[in-house]
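The values are calculated or read from the model by the stated rules, or taken from the named source; none is laboratory data. Just so we're clear, the structure is a prediction, and the values are computed from it rather than from any experiment. We place every Cβ from the backbone using ideal geometry, glycine too, and count neighbours over all the protein chains shown. Note: accessible area is taken over every heavy atom of the protein model, side chains too, but ligands, DNA and RNA are not part of it. Shrake-Rupley method; radii C 1.70, N 1.55, O 1.52, S 1.80 Å.
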Amino acid sequence: MYGELKVFGGRAHPALVQEICSYLSLPPGKATAYNFSDGETFCQIDENVRGADIFVVQPTSSPVNDNLMELLIMLDAFKRSSASRVTAVLPYYGYARQDKKDRPRVPITSKLVADLISKAGADRVLTMDLHAAQIQGFFDVPVDHLFAAPVLLDAIRDLELPDMVIVAPDAGGVERARAIAKRLSAGLAIVDKRRVAANTAEVMHLIGDIDGRNALIIDDIIDTAGTLTKTVGLLKAKGAQRILAAGIHGVLSGPALRRIEESEMEAVLITNTTPVDDKLASCRKLRSYSVAPLLGEALRRIHENSSVSSLFV
């Protein structure tokens with residue numbers, strides 16, 4: 001049995017750390033982190049953690065490299081402070097899209113990051129909706145892989161959208177879209193998309209019937225929203241009535257917010273696996289839903305050595 005449960009967070013997403021701690025009725029762990037003038041990150045644990053069961057919450061979202069380095073440094077600090085177990089909690093796993101060698105002379109950075117997290121001192125990893133499920137196999141430590149589907153399903157049901165079709169924006173998202181469609185007893189459509197460069201996609205054609213029906217596009221990561229807005233244009237051209245979208249990770253970089261505002265989508269549902277408060281204020285179509293209770297319950301079950309998978313049964 002591990003020692004006392006303690007939850008710490010880096011600077012990536014303090015609001016989510018506070019929500020998780022509120023769910024667990026625990027105070028957030030005390031730690032100090034800052035940057036030296038040359039950019040180096042410094043972290044110090046400000047309380048005794050000897051023998052404790054430590055959870056470090058740090059999505060590696062933008063700025064990705066700064067947040068990743070801070071996570072690695074914190075993991076090292078906890079391991080050197082004699083914590084009995086250290087779990088890296090990554091609601092959003094950066095570099096997940098670099099998960100295969102699909103071109104000559106390219107790295108598999110997702111595997112590299114997994115190695116770094118393990119070597120830095122993580123005894124296990126808790127993450128959510130990996131871009132590719134096989135990334136779990138990149139780690140040499142146990143991985144608990146959560147899904148935000150229960151959170152989004154409740155939100156989608158509240159929309160009360162009649163005659164709904166769930167749309168996968170590319171072939172890689174078919175399994176996710178099919179699972180959602182099955183739970184909602186909705187139709188399924190698939191967009192044939194070919195990516196011509198990083199963050200640049202060209203939508204080709206639609207597989208499935210959308211004419212006169214309401215569409216909900218499901219994706220895991222909404223980054224620049226290029227794929228999303230092109231999919232909206234295709235659906236509208238094919239006769240869709242109302243169009244909405246839902247994504248797990250609202251990365252929303254570059255022109256994403258402008259594209260969403262200018263599109264014909266009614267709303268975009270996202271979760272708070274990454275910081276979104278400032279984005280909600282600048283884009284009226286965004287709606288955020290919290291994964292803190294789900295993460296908090298998973299933390300409790302890991303600490304108590306009870307089932308995590310039963311959360312999704």
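Within the stretch 164-180, identify whether any single residue is open to solvent by 60 Å² or more (accessible area, probe 1.4 Å), out of contact with any Asp or Glu (no Cβ under 8 Å at 6 or more places or on another chain), among the acidic types (Asp, Glu) and farther than 20 Å from Arg242 by Cβ, and answer yes or no. Within the stretch 164-180 (the criterion being open to solvent by 60 Å² or more (accessible area, probe 1.4 Å), out of contact with any Asp or Glu (no Cβ under 8 Å at 6 or more places or on another chain), among the acidic types (Asp, Glu) and farther than 20 Å from Arg242 by Cβ), the answer is yes, since at least one residue qualifies. Here is the figure for the stretch 16-56: residues that are farther than 18 Å from Leu126 by Cα, of a type in the set (A, V, I, L, M) and not in a loop (DSSP other than H, G, I, E, B) total 3. Ser282 meets all of the listed conditions (1) out of contact with any Ser or Thr (no Cβ under 8 Å at 6 or more places or on another chain); (2) polar (S, T, N, Q); (3) farther than 21 Å from Ser62 by Cβ but one, namely (3). From the list Arg80, Arg50, Arg103, Arg85, the one residue that fits, being of a type in the set (Lys, Arg) and surrounded by 15 or more Cβ atoms within 10 Å (Cβ to Cβ), is Arg85.
Being open to solvent by 40 Å² or more (accessible area, probe 1.4 Å), in contact with a helix residue (DSSP H, G or I) (Cβ under 8 Å, 6 or more places away or on another chain), in a loop (DSSP other than H, G, I, E, B) and of a type in the set (S, T, N, Q) is the requirement here; does Ser288 meet it? In short, no. Of the set (1) in a helix (DSSP H, G or I); (2) in contact with a Pro (Cβ under 6 Å, 6 or more places away or on another chain); (3) open to solvent by less than 50 Å² (accessible area, probe 1.4 Å), all apply to Pro59 but (1).
Scanning the stretch 1-26 for residues that are surrounded by fewer than 12 Cβ atoms within 10 Å (Cβ to Cβ) and either modelled with pLDDT under 95 or in contact with a helix residue (DSSP H, G or I) (Cβ under 7 Å, 6 or more places away or on another chain) (or both) yields a single hit, Met1.
Restricting attention to the stretch 95-129, the residues that are closer than 22 Å to Pro293 by Cα and out of contact with any strand residue (DSSP E or B) (no Cβ under 8 Å at 6 or more places or on another chain) total 0. Taking the stated definitions as given, is Asp209 over 18 Å from the mean Cα position of the chain (by Cα), closer than 27 Å to Met74 by Cβ and open to solvent by 30 Å² or more (accessible area, probe 1.4 Å)? For Asp209, the condition - over 18 Å from the mean Cα position of the chain (by Cα), closer than 27 Å to Met74 by Cβ and open to solvent by 30 Å² or more (accessible area, probe 1.4 Å) - is not met.
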